[in-house]
Structure formats: structure tokens, C-alpha cells
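Participant: Following this message is one structure expressed as C-alpha cells.
The values are calculated or read from the model by the stated rules, or taken from the named source; none is laboratory data. Keep in mind that what you see is a predicted model, and the values were worked out from it rather than measured. No Cβ is skipped: glycine too gets one built from the backbone with ideal geometry, and neighbour counts run over all protein chains shown.
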Amino acid sequence: MIRVTFKGRIHSDKVGFDLNNMFIKTDLHTHSELSFDGKDTVDDLLEKASFVGLDAIAITDHDEIDASLEAEKKSSRYNIIAIPGMEVTSDVGHILAIGVREYIEKGLSFEKTVDKIRELGGIAIIPHPFQKTRHGVGAKISKERLSKVDGIEVYNSRLLTGWGNRRARRFAEINGIAMTGGSDAHIAEMVGSAGVTVQVEENTVDGIVKAIRGGETEVWGSRTPMGITISQGASGVNRVVKSKMKMGMKK
């Protein structure tokens, strides 16, 4: 298993991490059974996150926030920080809303979605930005529009060739955007496969959000086994088909 680690954007007036502050290791992109293509419970995800040594986890279900809020309430049982959030489907693709505690309507424009996330105190991070088949927004908007976000997911562990991750990293570097990583786990087994380490002034959700917004991150991760990536995709398609069939039967 190949594991990668690299530093994200560092402000020019800072040499590196301040050793007087705390380091938080977190997976910013995971899914529970509340996502149409997810499988496991909130407790399953929290337990795995704690087991693999994460300090924090964000459950970012597709256009759902209830599991994330549940995780925040239960997090102390697992000695971990649960960062509230969701993966919002904008009119051009997916956007991670990290640090929000309110549902954000899907289908809004890219700019309105980003603005709403910020109004709620969160940060807007673009996952798998250049992967069209996974609803990456980079295929539908200009580079200038894309550069206005708070962060770019430059390592998503559900990769096939790694091309998308490399392109995302180059874009973030060129545009001076904070870099993040996430497992994009749809089963508890893969939680912690990728993520980001940040240095925080306070060991809280707000502290983590502030640190990521500041841009000092260390991204790390390893590839999700190909078999799991393929099976997760197939399971997601099956659930969508079954859901549409049920809706059709009700009409």
C-alpha cells in the first residue's frame, strides 16, 4: 500500500507549524448509511475513526446532515471530535460544507452554495474537483470561479489512476488554495485512509475550521483497494436504481 504525505499551502510570513499548538489528524470526507451510497452507521464510523487514531472526523453525507449532527452528539463516547457538515450537490457538482450545522439546499448555484456555507460559519472545500464522473465541479466552471473556494481536496483515496488528485494538487498550488484530503469512505472499513493534519490553537470544531481556512495543512493518504472502490460504486448505482423503482411504483 503506497502512502503519500505532503504539505499544503503555508503563509509566506510563517516558517512552518508552531510547536506550541496542538496537532489534529482528521478525515474530512466520509459517508454514513444516510447517504444513498453509504452503508454503515454513525457509531461504526466513529468507532473506526477512534480505532485508527484519528483526532477528528467529518461525516459528509450527500445532501443530508442528520448523521453528522448525530455524530457530534455521540463523539465524546469515542474520544474524538465530530466535525458537522455535508456534501452538497450544487448546480455544477459536489461541494463539501465543513463546519456547518444546518441543512443546505441542493441545486443552488455554485456561488450561492459557497456563500451559504460561509454564512453558516463553515468552509467550502471542493472534493475530486476534476473527476466529471464523480460530479467534480471543475468540469463545468472556469478556473477563476473554482479558485474562489476555501479549500481543494487534493488527495481522495478512492482513486483509480491518481491523475485527478495530481491535477487537483497542481491547481491548489498554483492558486494558493488550502489543500485537504479525505478517504471518501462509504464503508467504515476505509475511514482514515486519507485526511489532513492541521495545527490548532484550540481543540474544537471551530479551531479545526479556522486552521484549515488559514491554509496550513499536511495532507496524507493511501489508495482504497481497487476492489472496494469498484464494489462501492456498483452498490451506489444499485441503490439509486432501487430508489427510483420504488418512487415509480408509488406514482
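Participant: Give the residue that is farthest from the chain's Cα centre (by Cα), with candidates limited to residues of the stretch 63-81 that are within 20 Å of THR180 (Cα to Cα) and free of Cβ contacts under 8 Å to residues at least 40 places away in the same chain.
Facilitator: Restricting attention to the stretch 63-81, the residues satisfying the condition of being within 20 Å of THR180 (Cα to Cα) are 68, 80-81.
Then drop every residue that is not free of Cβ contacts under 8 Å to residues at least 40 places away in the same chain, which leaves 68, 80.
Numbers: SER68: 12, ILE80: 17 Å.
Filtering first and then ranking leaves ILE80.
Participant: Determine which member of the set ILE104, ILE125 is touching a residue at least 60 places away in the same chain (Cβ under 8 Å) and closer than 29 Å to LEU69 by Cα.
Facilitator: Working: ILE104 fails: touching a residue at least 60 places away in the same chain (Cβ under 8 Å).
The conditions single out ILE125.
Participant: Which helices (runs of 4 or more DSSP H) does the stretch 140-249 wholly contain that include 1 or more residues that are within 22 Å of GLY38 (Cβ to Cβ) and modelled with pLDDT under 95? Break it down stepwise before answering.
Facilitator: Details: elements: 143-146, 163-175, 205-214.
Output list reads 163-175.
Participant: Of the numbered conditions (1) crowded, with 24+ Cβ neighbours inside 10 Å; (2) of a type in the set (S, T, N, Q); (3) at pLDDT below 95, THR133 fails exactly one; give the number of that condition.
Facilitator: (1)
Participant: For the structure I just gave you, tell me whether ILE187 is more than 21 Å from GLY138 (Cα to Cα), touching a residue at least 40 places away in the same chain (Cβ under 8 Å) and crowded, with 24+ Cβ neighbours inside 10 Å.
Facilitator: Numbers: more than 21 Å from GLY138 (Cα to Cα): yes; touching a residue at least 40 places away in the same chain (Cβ under 8 Å): yes; crowded, with 24+ Cβ neighbours inside 10 Å: no.
In short, no.
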